Every structure is written in structure tokens, then in C-alpha cells.
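Asker: Have a look at this one.
The values are calculated or read from the model by the stated rules, or taken from the named source; none is laboratory data. It should be emphasised that the depicted structure is a prediction, and the values quoted were computed from it without experimental measurement. Counting neighbours? That spans all protein chains shown, and the Cβs are built from the backbone with ideal geometry, glycine included. For accessibility, only protein heavy atoms count, side chains too; no ligands or nucleic acids. Shrake-Rupley method; radii C 1.70, N 1.55, O 1.52, S 1.80 Å.
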Protein chains: 4
Amino acid sequence: MTQLSDQAGEVAIQRGNTLASVEAMAAAHNNWGRWGPDDVLGTLNFIDEAKRVEAAQLVRSGQTFSLSQPFNTDGPQKGWRRRTNPVHTMTDTGTDAEFGDQGFPHGIGGADDFIAMPLQCSTQWDGLGHIFDRGNAWNGRRAGQVVTSDGDQVTGIQTAAARIVTRGVLLDVGRALGPELGSDEGELPDGFAITAKHIEATIKKQGASSDIRRGDVVVLRTGQYARTLRQGWGDYAGGSAPGLSFSTAPWLHMSEIAGIATDTWGFEVRPNEFDVAFQPLHQIAIPNLGLYLGEMWNPEELAASCATDGQYDFLLTAAPLPITGAVGSPVNPIAVK
Amino acid sequence: MTQLSDQAGEVAIQRGNTLASVEAMAAAHNNWGRWGPDDVLGTLNFIDEAKRVEAAQLVRSGQTFSLSQPFNTDGPQKGWRRRTNPVHTMTDTGTDAEFGDQGFPHGIGGADDFIAMPLQCSTQWDGLGHIFDRGNAWNGRRAGQVVTSDGDQVTGIQTAAARIVTRGVLLDVGRALGPELGSDEGELPDGFAITAKHIEATIKKQGASSDIRRGDVVVLRTGQYARTLRQGWGDYAGGSAPGLSFSTAPWLHMSEIAGIATDTWGFEVRPNEFDVAFQPLHQIAIPNLGLYLGEMWNPEELAASCATDGQYDFLLTAAPLPITGAVGSPVNPIAVK
Amino acid sequence: MTQLSDQAGEVAIQRGNTLASVEAMAAAHNNWGRWGPDDVLGTLNFIDEAKRVEAAQLVRSGQTFSLSQPFNTDGPQKGWRRRTNPVHTMTDTGTDAEFGDQGFPHGIGGADDFIAMPLQCSTQWDGLGHIFDRGNAWNGRRAGQVVTSDGDQVTGIQTAAARIVTRGVLLDVGRALGPELGSDEGELPDGFAITAKHIEATIKKQGASSDIRRGDVVVLRTGQYARTLRQGWGDYAGGSAPGLSFSTAPWLHMSEIAGIATDTWGFEVRPNEFDVAFQPLHQIAIPNLGLYLGEMWNPEELAASCATDGQYDFLLTAAPLPITGAVGSPVNPIAVK
Amino acid sequence: MTQLSDQAGEVAIQRGNTLASVEAMAAAHNNWGRWGPDDVLGTLNFIDEAKRVEAAQLVRSGQTFSLSQPFNTDGPQKGWRRRTNPVHTMTDTGTDAEFGDQGFPHGIGGADDFIAMPLQCSTQWDGLGHIFDRGNAWNGRRAGQVVTSDGDQVTGIQTAAARIVTRGVLLDVGRALGPELGSDEGELPDGFAITAKHIEATIKKQGASSDIRRGDVVVLRTGQYARTLRQGWGDYAGGSAPGLSFSTAPWLHMSEIAGIATDTWGFEVRPNEFDVAFQPLHQIAIPNLGLYLGEMWNPEELAASCATDGQYDFLLTAAPLPITGAVGSPVNPIAVK
């Protein structure tokens, strides 16, 4: 593993002083004001119309891939901070239509349904109002001025409704580094911290279609979701997981990506790389960089395809539901190759 | 209006006998077995990979349009059959993060949220399990074998998760026929039944980019949603509305479109064109044709663009949330030109 | 109507200066500290064990009355501040059990259900965390220290779980004053402000069983709910209504009642008795007096019984669901005579 | 343990043939038609007005006890058949009221809340539409005619709204038999089947106030809930538990009780006493006897009181929320001594 270490990155991590590490990183890596004082889009600003034309030109075969996990009651959530799995219920059914009396004329019958769920229970985008740094939200606004119990008054997820169509790039770190780490399955072990060096090694191994450019959305596969498909959810929701090292904050900043998503619950490596911490990379990425983070994505079919044809970039449409004032949204991201 | 009448279509409508009209239409226009006995996709089968390559090539400027209405408590629903507006609530807020004690370390704060809503409360796809014809679901299955209180066991909306990327075509019937009907606003009046002749007239008026081909998704604008933006919701949910005539069933069948969406609550003209009826065109379209119907879409920005540049076709991605067993799904459809 | 006026009370109402009126009333009528600095029960402290023994002795015939309105989707709510009607859905049904396959052995079948609702959508108790006066909650605590997005950390409704068993007294102001106001139906007109004089007149008219004593819960019937049963909900939720005058605050304080409930949406007369105001009597009653308020109760059957037998007091059990941290609770209050 | 065996009861249990056992028991113990063909109340008919007068006379000290567990997200549910724990969310908070801008005038602030929960997630009554026996609901109706996806059309829980005020009797089987079974904690071990002999032994040990009479509601304490308070929920929801033996069906029938509740998830002993079975005693009790079953009640404080003063009967009010068409209801049962 020595060859995978990242001396520069590790400097950023003072294990015993999370706050100092966060303060230093936020001071060095921050996009406040970059798109003016009224900005609500953060790194989505990196996606312009030319970028979308570039992305559409990546479509060659017409194959599509849903990058969404299933939304149902058998999901991984255990109720932490009221994050349950979705509860989907029927208000009319085919059984009733066939045998019962639904009150409709001329033989028409219907089924209808309802859902109750946390917006971040399964495949999701974190909105820019999801995380705060010392009371500050994205672009330096005070958190209490942004998200009240009536929702996000400024950066609600509906602001991104028409934005996220761009070039997507799969970085299959699981397949790239797994063998070196002893995994025949193309998976990183839980607790493995992915550094900028690991990212660069993956890009190099995957080849030219993996070059990361301004405005891309990176889909980073650790392989943990694949593992749960074999072994059951276990502690997928909040437990130990591979994920990005706190030290990747400079890379997230300098790469000028529009967003990044992982196949894990929490994007960052868990346990976090500090003695006492809770998701410190979120604290940099969302309020300081204005970076859109995706979690619990499902890259499995796409990754299998990319491993076969060697094309790692694609047209990505990942449109959140425009729920007014939401700080996150379920999403069914679609990759087209 | 005489020149807009549709003698052939009107033959199909026996005003005093809805059931007979439905029976005759279903006998004449039915796709059961067309894609084999196990099919769960219906007209989505018309979208193949070549179709998606064709669609991607329509992207020229990189402009994007969300075709979704807002999801919030101020929507049009009034509780009919338990269709309420979405209730979005916060489980953590910025106010708490700034002033309160959320229990997180090192200055990180968070906001999180929850939603309870009918799946067809706002911009949506009807799934193939949504409507039955005399106890039969799509492809001739018995309704009670398809949709139980545990959801759609066969044609649940998750089956369409990766499918709906195709060429979209806006048919702005409101702008095309509105002036003739006395509307300066480019809107059809409530109760106006759109026939195949009206559709053809619209296509002709819009020009070549509006030709309808196998596998397209048609976005049909009546202008009713625009009217609610000016006048308030009124009876948008279930009241009188412009919409497709029952007589368009043959056109829906023969055009081999993959789906069709309107800017109205119920797709069909309301009141329906029979003495006693409830959504009889649904009864043909969903269980007999296997046709995907979209409702409550928002074509306004797209329509303004098309009226300006004269290009009515575009790349459409309209990915439902893969809610296991759902008979419909909220969707944020994205058009890229 | 002159004979029903209340000069003393009207002094308290400066129509053009709600805040000054509230400040003066709160200064004069306030129970902070009365039960110590840690108190979470407010006027429920007036109910002691002897009071319950007294109440139980009122049971003579064994007749019971539910004072709850129905909980269902046909309720009066219109979505104001996300107050919808309850959405009750089935997760298993008899139709499925009879015809379908629920996956259970030996012929057992089941039905099960789910609800999504605002806690104050129908018959309810307001908890002490429901209303604040200039940032202060009950007993002088700061509002932000009491109710966060995680719920009421101090005075959550679960604190009242075992408390509300006491003597109830029906004050049927509708029947007592209705005739004088021109109503043959025993109902007060919308917008009618009930003053202390009206309350006293009602007590006098009803007789000895209506004497109000320390620890009682008053059930005050205006007749508005009866009117909705005849005429439909109309603007029951938030519209014009009979209800208590702001000037009754001294009576609510000095009577030492444990709680008071009405058959209206909002307890107070609406429109409120000021040029610009929103529920100013709540602002005195809950945070300053610590008084439990009930809303949307259904006194109809009980009132008919009391009008017949002349016994207006009864054993009342009105137990909230002990939802941890809730600021209100649905309740099915039970009167036993 | 020999002395606690119950030869008669065990005859009823053919371990290898659950269906035959259920058929025989249902044939021998059935109340269909007992209260006429239109009955919707079942054993609640045993509670008459005289019974309630008798119950009220049990009030001596005025002490009250809530028999409800807390309703919150930290409950025992794990999502089986969509039974989650309650999700309680705030739509307005004190933090917002104190610091934010809620849009209210004159310094009034508010907090409000919402809940999404299965109706049987915590302390509950099973309604008569909750369980079916070979497609039959209570009183011999076909299940599909009673409970559709629109709810229980006949025996919905609202029918019991004003009914359940009666004499309650605590049978503390845990304390009565625990010592004999080696428990110093007054708890029965998981998997322990309580037979009629055990019930009779408990009554004998507790003394005269425990005599069971027509119309009583029995609150049966196994001690399992107390164990979870010490040890955590573990598999409380659906796992191994003490509970009533299938062989108690004759006792449940002949005792003419109005209802019976336990401190366990499932009322019956689990695992059930057959090779393959799911809750077979429910299959007798609800559809055949029309018996109201309570589950997940919390008898702890009441039991401690009864153990001290030796008075095991009390006035019980256990009013379900009148949710139209519900097959169960959360309840906060109140005992008054």
C-alpha cells in the first residue's frame, strides 16, 4: 500500500484536532463569491451549454443505465435521525378493481399510491442547504437565514431542476485498486480512505475517457454497494465504509467538477480520519465549495459496461425532483453511452 | 371550428353508451402479446438504442428545460381519493444548526427532510398498473394478479427506470389552435376535445421538426397550466379541462409513440365526451395499448423556446423514481435542445 | 345584543394595537413560576387525585360520549402551513386476503394500515410548546431552547400522558345564547366573540352542574361544528368563526381551569378582535398561563344528552398520544355520565 | 414446571397440523351471530352502562396510569411488512420563532408538527378488520367485502370510539409465575406459553380484585417489555416472546371479556406452538370471537402500584382514535384507581 499513500493529503489531517483541520481546509479551499453574492448553484455553474453539447456527443450506442438503487422498505436505513426506509402504500389496487367495487363506471378500474420517506433515504443528491460550517451555509450565508422549518428558502433543490445534464465519468476505484488491496471482487475494503493519488491512479489505469474536466460529474465506485448485494445491507447506513479522504478536498476544489457521487451511504471514508469527527469532508465540500454530492448511487451495471468497452465517460442526466425548499432529493440518474 | 371537426373520430363516441364505445375501441386497438406474453414495458419497447442515438443528435445548443411543476403544499390537489399535495417537512434545520444544539462536533451542522405525498400528486408518469379495463391489466393479465396492496408485482414503475431516454416532440396545440379558438394566450379552452385532426394540424403548422415517429414521447401543451399560473389552480385537479378526445385512441395506437404527456391533470378532455364516464381514454391507452401517459407536466419554458426557434424536437430524459411496485412516479423530465 | 356586551373585557382590546394589548394582558395574567421553575404541566397541575375521585363520582348512568370528530381525508383542512387532512392507507387488505396471496399459512389473512397527518388536523390538544409569546415559551423559557426541529425537548405532549382525567363541564353557549341571537339551531354566528359575561350567563342558565371549579376541563360548544354537519366544511379551517374573546383571558386565568376545548378550528373568535392580529388569545393562554387548549372537538351527542337531562358535568378522560416531543396530539376525549 | 402444564389445552394443539387445529377451535369457539347479523362490535358488546358504573366505583385514590409506550423513532419496529417506527417532524419550531421569521404579527410564534406511522407501530388496539380466518372476517362476512384499499367499510375502528370504558384487571403473570420459573425480575422467559391454568393461578395468587367478569378488559403483563427497558428492544418486534397459548382460546371465549392486551408485540407466544404457523390464536380471537386485542401496552407503573396495594382492578379508558376505516389504532390507555 505504500505506493498508494498521499503525503500531501495526510498533512491536512490533524487526527486530534478536527476543528483546526476543517478551519485550515476551509480557509484554503472555498468558492464563496466566485459566482457573485446571490449565487444558489455552486459548482453547478461549471456546467454550461457547451458542456452539454460535448456530453451529448458521447452517446454512441444508445445504451442507458439507471444509477439508482431501488426505493423500497427493504432498504438499508435504520432510523438514525429519523432516516427510515420508504413506506409505499396503495390507495387503490388491482385486487379491488377486479373483485371489489371501486365506484367507477364502465369497467374502468384503477390503482394509486402514496409514499412517505426521508428525501435522503436512498439514491440522492445533497442540496447546498444540507450541511453547514460553523453556522454558515453555501456562499457565506448564515444557516438560520437559509434553512428554517419551512425548508431551504434560498438554495432549495428546485434551483437545480434543469441543471444537471453534463458529461459523467465513472471512476471505478474498486476495480482499479481492488486487486492491489487483495480483493478479487473489485471492491475496496470498509474503512479505506481514497486519496487524490488513488483517484489519479484510477484515471491513469482507465485511460483517456476518464480524464476529469471542468463541469463533469464524477461517479465514484468503491464496490461497497456490490458487496451489500452479496452480503446484505449490514451497517451500510452509517457504518464503516470506503470513501473519500478528507485530504481530497483540494482535488475536489481544483478539479472544477460540478458534482461527485459514490455508491456508499456517506461519500466520505468511515470511520472518519480523526479521533472525533462527523463527516468533516462534507463540511468543506457543501458549504465551502458549493459542491453537489450524490450518495447511495448504484453504478453496478454501468461499471460492468465500462469495464468491457473501456469507455468511462457518458451523457449523464441526474435531475432532482423540484421539491420546493428541499435540502436533498431522491434521484434516478441516467447514463447514456 | 367546423374545419377542426373529426368525423371519423366522432363515430367512435356513442355518447349514451360508454361501455360499448370502450369495448369497440379496445377490440380494434390493442397491443396485448405484441412483445410477448411476459412483457412489462408496453410502448416503451418502441424506444431502442438507435432511437436514443437519434435523440442525442438533436442536442445543438445545450439548452435544458425542466418539464416539472413544483412539488409543494401549494399544489392543485384537493384530496380526491386521498390525492393531497406533498407535505415536505424538515428533520433538521439551519436555524437549529446556527443557534441550537444538533449534537454534532467541530462546527458541522445539518439540515434534513422528509416527504409524504401521493405518487401522482404533481408531474408524473402513470405506470402500466395504474388503470384496468374490465378487470384486465396491461397485456391481458388479471388486475388482481398484478396490483395488490403490496404494490404492482409485475409492471411496477421500476421496470421503466432506465428506459425513457428518447426523442421528445412538443405539440403546442394551444399556440397552434388557440388563435382560431379566440385565445390570444395560446391556450385551449376548458372542455375542448383535441382530435387527431387537431394533432395533425398542429404538426403541420409547427413544421418538419414536429413529425411524429416510432418511439417518440409527445409533450402536448394545451395551455391550461399557463392559465393556472395566471389565474390560480381553481379546479385544475379533476375539473373541466382541454385534453385528448376519446377518438384519438387510433392515433395513439398507430403512431407507435412510446409515451405522451400533457400539461393537464387528467390527459383527456374533461368533462369526458360521454353522458356518464370516467377517463375512458385511459381505459384504452394504459391496459390495452400499454402506453405511458404523463400528466401535470410543465411545458411552458420549452414551449416559449420552441415558438422562438422553431425546433420542436429534443432529447428527452424522463426517468421515474424506481419505487418498487409503484403504479406511477413523480418525475422531473428534462428536455435538451 | 347590548345586554350581552362586556364593558370590562372590551377595555382590554385596543383594536389598533395588538402588541400593546398582548403585553398588558400577559403582564396581568401569567402563571410563570407558579409551579416552580422546572414545571412542564402548566394548568394540568390543577388536576389532583382528589379531583379525579370527585370526577369519578359523577358517573351515574354509565353513558359514554366520544367528543372526537372523524379522522379522515374528508376533513376541513386545506393545507394552510402544511395542515392537510389525514391520509390513511392500507398495507394489507381483506380483498387481498380473500382472493390474493398474502404469504401467510393456514388460512390466516390480515389487514394493516398507515397514516400520515398533521398532529393538529382534527380533534386535538395543543401542547404547551405550540405557541410562543415574543420568543418565550411556557414558564418563561426561550422558545429556541424548547422546540427545535427535533421536537419539544421540555414540554412535549408525552408529559401529559397520564394527566387528563378530571371533571368535565359542558358550556353550551350555542344553545344558551343562540335564541337571543336569532338562531333556532342553538348555534352562535360566525364572528361572535364570547365574553366572560356570556360564559357566566351560560352557567347560570344551565344550572348548578355547570359551576366551574379548579381543575375542571371546560368543553365549550359554539354550535359551529353542528353547522358544518348541515352545510359542509366551508371555511371551518381558519375562516370566520364564533369563539372566545381576547377579553376572556382574565376569566381563563382566575377560574383555575385545567383546560378548555371548543368545537371550532381555532378556539378564539375569528376574525380576531383587532385590526391586524393572529390568534392573540393563544399568545396569552398557552405561553403565559400554561393552559391546555382543545380544538375541533365534537360535543354534539354530549350536548344533546345534557340538554335533555340537565346534567352538564361528567367524568372526562382526554389522553393525548404520548408522541415524544410533540407540540400537540390527536385525541379521542371520552365523557362518561 | 409440571405443575403449570395444561393437559386440556394441549389437546387443542396438533403441532403438525395448524389448519386442522384452527378449524377445530373455530368450530368450537365462535361468536358469529351472537349479537345479530349486523354487529360490528364483537365482544365490546359485553360492556354495558352498568358495567361502566361498576368500573367508576373502583376509583378510590384518583391515581392515574398511562399504559402507553412512547411513540417515537426509537421504537422496536424494523420494517416488517412496512411496519416502521413513527416519524414525527416539525413544520414550525421554537428556534424559528425565536430567531427566524415565521410571518406572524405581534410577537406570536408557533410550533406545529406532522406524523407518519403505521397504526400498529406502538401501543394499539387491533380492530375487528385486522385478521381473517380462511377469507372470513368478524361475524362471517367475506374479508373482501369488509376491508378494501379504501379501509374497513364495516368494522372500522371508529365504531369503537365511545365504547371502551370499563373495568380493567391487571393479570401480572410475570410477577405471579416468574419466581417459579427462575426469574427474580417478575418476567416470563421468551417462548413461554401462558395457558388457562397459568391465568387461573395468577388470579388466585393476586386475590379477589382479580376475578374476571363479563365485560372486563384484561391487561396481561408478561414482563417482556420491562426486559426491553433494561436490555434494549432486541427482537421485540416479531421475535421470540412470552404470550398466550393457542389453548387459551376457550378461556378467552368463555370468560366473556371485552378485550385483552399484553405488553408484547404479538399477544401470542412466539414462536407459535406449531411446526409451521403464524399467529393462529389471532385467527380464532379476532374473526371468530370478535375479541378486541391490545398489543405493545405498557403496564409497568400500574403493575408496580398493584403489587404494592394489592388492588388489581381499576377504571380503564382506552379510546382508539376514530380513524375512519382503520383496522387498528394507536391508543393511550388510562387506568384510574
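Asker: In region A:85-103, which residues are at pLDDT below 95 and either on the phi > 0 side of the Ramachandran plot or out of contact with any helix residue (DSSP H, G or I) (no Cβ under 7 Å at 6 or more places or on another chain) (or both)?
Answerer: Correct list: A:Asp101, A:Gly103.
Asker: Any residue that is among the aliphatic types (A, V, I, L, M), more than 30 Å from B:Met25 (Cα to Cα) and more than 8 Å from chain A (Cβ to nearest Cβ) - is there at least one of those in region B:110-118? So that I can check it myself, show each step before the final result.
Answerer: If we filter region B:110-118 for residues that are among the aliphatic types (A, V, I, L, M), which is where we start, we get B:111, B:115-117.
Restricting the remaining residues to those that are more than 30 Å from B:Met25 (Cα to Cα) gives B:111, B:115-117.
Cutting the leftovers down to more than 8 Å from chain A (Cβ to nearest Cβ) gives us none.
No; the residues of region B:110-118 include none that is among the aliphatic types (A, V, I, L, M), more than 30 Å from B:Met25 (Cα to Cα) and more than 8 Å from chain A (Cβ to nearest Cβ).
Asker: So is B:Asp92 of a type in the set (Asp, Glu), buried (at least 17 other Cβ atoms within 10 Å of the Cβ) and within 15 Å of B:Leu289 (Cα to Cα) or not? Talk me through it step by step, then tell me what you get.
Answerer: On the way: of a type in the set (Asp, Glu): yes; buried (at least 17 other Cβ atoms within 10 Å of the Cβ): yes; within 15 Å of B:Leu289 (Cα to Cα): no.
Answer is no for this residue.
Asker: What number of residues within region C:67-81 are facing another protein chain (nearest Cβ under 7 Å), open to solvent by less than 20 Å² (accessible area, probe 1.4 Å) and touching a strand residue (DSSP E or B) at 6+ places or on another chain (Cβ under 8 Å)? Before you say what the answer is, go through the steps one by one.
Answerer: Let us first name the residues in region C:67-81 that are facing another protein chain (nearest Cβ under 7 Å), namely C:68, C:70-73, C:79, C:81.
Adding the requirement that they be open to solvent by less than 20 Å² (accessible area, probe 1.4 Å) leaves C:68, C:71, C:79.
Okay, now just the ones that are also touching a strand residue (DSSP E or B) at 6+ places or on another chain (Cβ under 8 Å), so C:68, C:71.
Matching residues across region C:67-81 total 2.
Asker: Let me ask something else. Does C:Phe274 satisfy the condition of being surrounded by fewer than 23 Cβ atoms within 10 Å (Cβ to Cβ), among the hydrophobic types (A, V, I, L, M, F, W, C) and within 20 Å of the chain's Cα centre (by Cα)? Talk me through it step by step, then tell me what you get.
Answerer: On the way: surrounded by fewer than 23 Cβ atoms within 10 Å (Cβ to Cβ): yes; among the hydrophobic types (A, V, I, L, M, F, W, C): yes; within 20 Å of the chain's Cα centre (by Cα): no.
Spelling it out, it is not the case that C:Phe274 is surrounded by fewer than 23 Cβ atoms within 10 Å (Cβ to Cβ), among the hydrophobic types (A, V, I, L, M, F, W, C) and within 20 Å of the chain's Cα centre (by Cα).
Asker: Restricting to region C:38-61, give me the number of residues that are touching a helix residue (DSSP H, G or I) at 6+ places or on another chain (Cβ under 7 Å), away from every other protein chain (no Cβ under 13 Å) and farther than 15 Å from C:Ala285 by Cα.
Answerer: 1
Asker: I would also like to ask the following. Taking the condition open to solvent by 20 Å² or more (accessible area, probe 1.4 Å) and either assigned by TED's automatic domain parsing to the domain that holds B:Ala261 or at pLDDT below 95 (or both), does B:Ala56 pass? Even if it seems obvious, please write down each step before you answer.
Answerer: On the way: open to solvent by 20 Å² or more (accessible area, probe 1.4 Å): no; either assigned by TED's automatic domain parsing to the domain that holds B:Ala261 or at pLDDT below 95 (or both): yes.
No.
Asker: Among the residues of region B:23-33, write down those that are under 20 Å from B:Leu281 (Cα atoms) and out of contact with any Gly (no Cβ under 6 Å at 6 or more places or on another chain).
Answerer: If we filter region B:23-33 for residues that are under 20 Å from B:Leu281 (Cα atoms), which is where we start, we get B:23-32.
Once the filter is applied, which keeps residues that are under 20 Å from B:Leu281 (Cα atoms) and out of contact with any Gly (no Cβ under 6 Å at 6 or more places or on another chain), region B:23-33 yields B:Glu23, B:Ala24, B:Met25, B:Ala26, B:Ala27, B:Ala28, B:His29, B:Asn30.
Asker: Being more than 7 Å from every other protein chain (Cβ to nearest Cβ), of a type in the set (S, T, N, Q) and more than 23 Å from B:Val331 (Cβ to Cβ) is the filter here; which residues of region A:119-164 pass it?
Answerer: A:Asn136, A:Asn139, A:Gln145, A:Gln153
Asker: Which condition number in (1) open to solvent by less than 30 Å² (accessible area, probe 1.4 Å); (2) modelled with pLDDT of 95 or more is the one that B:Lys204 fails?
Answerer: The failed condition is (1).
Asker: Looking at B:Pro287, B:Pro320, which one is in a loop (DSSP other than H, G, I, E, B), surrounded by 24 or more Cβ atoms within 10 Å (Cβ to Cβ) and under 14 Å from the mean Cα position of the chain (by Cα)? Explain how you work it out, then say what you get.
Answerer: Numbers: B:Pro287 fails: under 14 Å from the mean Cα position of the chain (by Cα).
Of the residues listed, the single one that is in a loop (DSSP other than H, G, I, E, B), surrounded by 24 or more Cβ atoms within 10 Å (Cβ to Cβ) and under 14 Å from the mean Cα position of the chain (by Cα) is B:Pro320.
Asker: Looking for something among the hydrophobic types (A, V, I, L, M, F, W, C), open to solvent by 10 Å² or more (accessible area, probe 1.4 Å) and within 19 Å of C:Pro250 (Cβ to Cβ) - is there at least one such residue anywhere in region C:179-200?
Answerer: Start the filter on region C:179-200 by keeping residues that are among the hydrophobic types (A, V, I, L, M, F, W, C), which leaves C:181, C:188, C:192-194, C:196, C:199.
Now restrict to residues that are open to solvent by 10 Å² or more (accessible area, probe 1.4 Å): C:181, C:192-193, C:196.
Those still in the list that are within 19 Å of C:Pro250 (Cβ to Cβ) too: C:193, C:196.
Yes - at least one qualifying residue is present in region C:179-200.
Asker: Would you point out which residue out of C:Gly129, C:Gly109 is touching a residue at least 24 places away in the same chain (Cβ under 8 Å), under 27 Å from D:Ile323 (Cα atoms), buried (at least 24 other Cβ atoms within 10 Å of the Cβ) and not acidic (Asp, Glu)? Break it down stepwise before answering.
Answerer: Working: C:Gly109 fails: touching a residue at least 24 places away in the same chain (Cβ under 8 Å).
Being touching a residue at least 24 places away in the same chain (Cβ under 8 Å), under 27 Å from D:Ile323 (Cα atoms), buried (at least 24 other Cβ atoms within 10 Å of the Cβ) and not acidic (Asp, Glu) holds for just one of C:Gly129, C:Gly109, which is C:Gly129.
Asker: OK, next. If you scan region C:323-337, which residues turn out to be in contact with a helix residue (DSSP H, G or I) (Cβ under 6 Å, 6 or more places away or on another chain) and surrounded by fewer than 24 Cβ atoms within 10 Å (Cβ to Cβ)?
Answerer: C:Thr324
Asker: Quick check on region C:132-169: of everything there that is part of a helix (DSSP H, G or I) and within 30 Å of C:Lys337 (Cβ to Cβ), which residue is most open to solvent (accessible area, probe 1.4 Å)? Let's see the steps before the verdict.
Answerer: First pass over region C:132-169, keeping only residues part of a helix (DSSP H, G or I): C:138-140, C:143-146, C:157-160.
Remaining after also requiring within 30 Å of C:Lys337 (Cβ to Cβ): C:157-160.
On the way: C:Ile157: 0, C:Gln158: 62, C:Thr159: 40, C:Ala160: 0 Å².
My answer is C:Gln158.
Asker: Yes or no: region D:125-148 includes at least one residue that is of a type in the set (D, E, K, R), more than 30 Å from D:Ala20 (Cα to Cα) and in the same structural domain as D:Leu19 (by TED's automatic domain parsing).
Answerer: Taking region D:125-148 first, the residues of a type in the set (D, E, K, R) are D:126, D:133-134, D:141-142.
Next, from what is left, pick out any that are more than 30 Å from D:Ala20 (Cα to Cα): none.
No, because not a single residue in region D:125-148 is of a type in the set (D, E, K, R), more than 30 Å from D:Ala20 (Cα to Cα) and in the same structural domain as D:Leu19 (by TED's automatic domain parsing).
Asker: State the number of residues belonging to region C:33-44 that are in contact with an Asp or Glu (Cβ under 9 Å, 6 or more places away or on another chain) and surrounded by fewer than 18 Cβ atoms within 10 Å (Cβ to Cβ).
Answerer: Keep residues of region C:33-44 that are in contact with an Asp or Glu (Cβ under 9 Å, 6 or more places away or on another chain), which gives C:33, C:43.
Going one step further and asking which of them are surrounded by fewer than 18 Cβ atoms within 10 Å (Cβ to Cβ), we end up with C:33.
Of the residues in region C:33-44, 1 are in contact with an Asp or Glu (Cβ under 9 Å, 6 or more places away or on another chain) and surrounded by fewer than 18 Cβ atoms within 10 Å (Cβ to Cβ).
Asker: Sticking with this structure for a sec: Out of the residues in region B:290-317 that are part of a loop (DSSP other than H, G, I, E, B) and under 15 Å from the mean Cα position of the chain (by Cα), which is nearest to the other protein chains (Cβ to nearest Cβ)? Quick ask: steps written out before the conclusion?
Answerer: Kept after step one, since they are part of a loop (DSSP other than H, G, I, E, B), are these residues of region B:290-317: B:290-291, B:296, B:298-299, B:310-312.
Filter again for under 15 Å from the mean Cα position of the chain (by Cα), leaving B:290-291, B:296, B:298-299.
Details: B:Gly290: 15, B:Leu291: 15, B:Met296: 12, B:Asn298: 9, B:Pro299: 13 Å.
The residue in question is B:Asn298.
Asker: Shifting gears a bit: Suppose the filter is under 26 Å from D:Arg83 (Cα atoms), in contact with a helix residue (DSSP H, G or I) (Cβ under 8 Å, 6 or more places away or on another chain) and in a helix (DSSP H, G or I); does D:Tyr236 pass it?
Answerer: No.
Asker: Same structure, new question: Given (1) open to solvent by less than 10 Å² (accessible area, probe 1.4 Å); (2) in contact with an Asp or Glu (Cβ under 9 Å, 6 or more places away or on another chain); (3) more than 26 Å from C:Phe114 (Cβ to Cβ), where does D:Leu315 come up short, assuming only one miss?
Answerer: (2)
Asker: While we're looking at this one, here's another question. Looking at D:Ala237, is it under 30 Å from D:Asn17 (Cβ atoms), among the hydrophobic types (A, V, I, L, M, F, W, C) and under 13 Å from the mean Cα position of the chain (by Cα)? Before you say what the answer is, go through the steps one by one.
Answerer: Working: under 30 Å from D:Asn17 (Cβ atoms): yes; among the hydrophobic types (A, V, I, L, M, F, W, C): yes; under 13 Å from the mean Cα position of the chain (by Cα): no.
Judged against the criteria, D:Ala237 is not a match.
Asker: Scanning for something open to solvent by 10 Å² or more (accessible area, probe 1.4 Å), under 13 Å from C:Asp190 (Cα atoms) and either in a loop (DSSP other than H, G, I, E, B) or not charged (D, E, K, R) (or both), does region C:242-262 turn up at least one residue?
Answerer: Looking through region C:242-262, none of the residues is open to solvent by 10 Å² or more (accessible area, probe 1.4 Å), under 13 Å from C:Asp190 (Cα atoms) and either in a loop (DSSP other than H, G, I, E, B) or not charged (D, E, K, R) (or both).
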